[in-house]
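A.B. asks: Below you'll find the structure I mean.
The values are calculated or read from the model by the stated rules, or taken from the named source; none is laboratory data. Treat the numbers as computed from the prediction; the structure is a model and nothing was measured. In this analysis, Cβ positions are derived from the backbone assuming ideal geometry, glycine residues included, and neighbour counts consider all displayed protein chains. Just so you know, the surface numbers come from the protein's heavy atoms only, side chains and all, with ligands and any DNA or RNA stripped out. Shrake-Rupley method; radii C 1.70, N 1.55, O 1.52, S 1.80 Å.
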Amino acid sequence: MIETVEITEAEKKARKSRSVAIAVALAVLVGAFYAITVLKLGSAVLNRPL
Amino acid sequence: MAFIDTQQAETGNGYARVSSATPRDFYELLKPRVMQLVVFTALVGLVIAPGTVNPLIGAISIIAIAIGAGASGALNMWYDADIDRIMGRTKSRPIPSGRVAEGDVLAFGIVLSVLSVVTLGLASNWVAGAWLAFTIFFYAVVYSAWLKRSTPQNIVIGGAAGAFPPIIGWAVVTGEWISLEGFILFLIIFLWTPPHFWALALMKTEEYGAAKIPMMPNVVGAEKTKTQIFWYSVALALACVAPFFAGFAGWAYLAVASALGGLFAFRAWQLKLTPGEGRALQGPAVKLFLFSLWYLFALFAALLAETILLRVLG
């Protein structure tokens, strides 16, 4: 049997804020890696076997 | 309603619960005030280094160094959770106060460590990445897990972890493992750490004693600690003028460093002349502790400002 638990409003709010923070962190990381790629490789980013 | 892993979420009282930790609690695990110092000293290392770096790459590198420092702070809090519960100064931290589970902190610290090292390595170079990895290892393992509870030299040797950031900043630009300039900046922070921490430890001997941490005042007593603080301050004052004689700082920096170094040694001397221990030392110890914080920022700010000004003026 799967065990479940009712979570409180405070726990729901905290979970939502953690999810938003993780989403923001991931978006920043994606942006950072995009910038690193473009800045390090420049136009050579396209110079690869397709 | 939520499905939960009762084995992981089980609390001490037998009830399962979902975490109510907020992002702010996780931010607190990064030791933001220590991060400020790390960011600033790494930035100085990066700016004074010969050569140039793309500003965005530089910014990403500094952020990666900051996150790496924060990760080591989280790992330190995970390892020290048992003694943090005992000390008044630390018992409101996220783990002892019950806001974040220990396992979550460990995972958080490891994930951020890997991410920060990989990001720094890719953004700048792997010498800088390796230095950051070593710094995290040194703080989390060598200092936190080994030295802190075993020797009164804990913060002397462990202080190296806080002294590495300028070397990392330098490596971001040059790709060099070590340089004279980086070593001098390392030495300044390394010599600054004992008087800074022992000024605090002099006021907290009871707490450190209760937690069984062999801080210098607990092991050799207040008098010998005050003497050591003074001699470290003299050594620090001498090290602080070294950038001028090594040729990477000018007269303005020399003037600021001499004045600040003299003042630091004077405050340490005042502390040494104050008789007694514990609360009797509170006045001069607090003054020295607060001054030491301001001192390091001011010293590195002087070096940074002078370097930028001289470059702008050509």
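A.B. asks: Of A:Val30, A:Val38, A:Val45, which residue is open to solvent by 70 Å² or more (accessible area, probe 1.4 Å), aliphatic (A, V, I, L, M), within 24 Å of B:Ser61 (Cα to Cα) and more than 9 Å from every other protein chain (Cβ to nearest Cβ)? It would help to see each step written out before you state the result.
C.D. replies: On the way: A:Val38 fails: open to solvent by 70 Å² or more (accessible area, probe 1.4 Å); A:Val45 fails: open to solvent by 70 Å² or more (accessible area, probe 1.4 Å).
Just a single option satisfies the conditions, and that option is A:Val30.
A.B. asks: A further question on this structure: Restricting to segment B:104-137, give me the number of residues that are more than 14 Å from every other protein chain (Cβ to nearest Cβ) and surrounded by fewer than 22 Cβ atoms within 10 Å (Cβ to Cβ).
C.D. replies: Residues in segment B:104-137 being more than 14 Å from every other protein chain (Cβ to nearest Cβ) and surrounded by fewer than 22 Cβ atoms within 10 Å (Cβ to Cβ): 7 in total.
A.B. asks: Of the conditions (1) in contact with a Lys or Arg (Cβ under 8 Å, 6 or more places away or on another chain); (2) open to solvent by less than 10 Å² (accessible area, probe 1.4 Å), B:Ser144 satisfies every one except a single condition; which number is it?
C.D. replies: Here B:Ser144 meets the rest and fails (1).
A.B. asks: Related question: In the set B:Ile184, B:Ile213, which member is touching a residue at least 40 places away in the same chain (Cβ under 8 Å), touching a Phe, Trp or Tyr at 6+ places or on another chain (Cβ under 9 Å) and in the same structural domain as B:Leu309 (by TED's automatic domain parsing)?
C.D. replies: Details: B:Ile213 fails: touching a Phe, Trp or Tyr at 6+ places or on another chain (Cβ under 9 Å).
Of B:Ile184, B:Ile213, the one residue that is touching a residue at least 40 places away in the same chain (Cβ under 8 Å), touching a Phe, Trp or Tyr at 6+ places or on another chain (Cβ under 9 Å) and in the same structural domain as B:Leu309 (by TED's automatic domain parsing) is B:Ile184.
A.B. asks: Count, please, the residues in segment B:40-67 that happen to be more than 14 Å from every other protein chain (Cβ to nearest Cβ) and assigned to a helix (DSSP H, G or I).
C.D. replies: First pass over segment B:40-67, keeping only residues more than 14 Å from every other protein chain (Cβ to nearest Cβ): B:40-51.
In the following step, the residues that additionally are assigned to a helix (DSSP H, G or I) were identified as B:40-48.
Summing the residues that are more than 14 Å from every other protein chain (Cβ to nearest Cβ) and assigned to a helix (DSSP H, G or I) in segment B:40-67 gives 9.
A.B. asks: Here's something else I'd like to know. Which pairs have Cβ atoms under 9 Å, sit 6 or more apart or on different chains, and link a residue in segment A:1-27 that is more than 8 Å from every other protein chain (Cβ to nearest Cβ) to one that is of a type in the set (Phe, Trp, Tyr) and assigned to a loop (DSSP other than H, G, I, E, B)?
C.D. replies: From residues that are more than 8 Å from every other protein chain (Cβ to nearest Cβ), there are no pairs.
A.B. asks: Within the set of pairs 6+ apart or on separate chains, which have a first residue in segment B:107-127 that is part of a helix (DSSP H, G or I), a second that is aromatic (Phe, Trp, Tyr), and C-beta atoms under 7 Å apart?
C.D. replies: Here the result reads B:Phe108/B:Phe26; B:Gly109/B:Trp78; B:Val127/B:Trp177, each pair linking segment B:107-127 to a residue that is aromatic (Phe, Trp, Tyr).
A.B. asks: Can you say whether B:Arg99 is farther than 18 Å from B:Ala69 by Cβ, open to solvent by 30 Å² or more (accessible area, probe 1.4 Å), among the charged types (D, E, K, R) and within 13 Å of another protein chain (Cβ to nearest Cβ), as far as the supplied structure shows? Explain how you work it out, then say what you get.
C.D. replies: Numbers: farther than 18 Å from B:Ala69 by Cβ: yes; open to solvent by 30 Å² or more (accessible area, probe 1.4 Å): yes; among the charged types (D, E, K, R): yes; within 13 Å of another protein chain (Cβ to nearest Cβ): yes.
So B:Arg99 passes the test.
A.B. asks: Can I ask one more? Are any residues in segment B:149-172 part of a helix (DSSP H, G or I) and open to solvent by 30 Å² or more (accessible area, probe 1.4 Å), and if so, which ones?
C.D. replies: B:Ile157, B:Gly162
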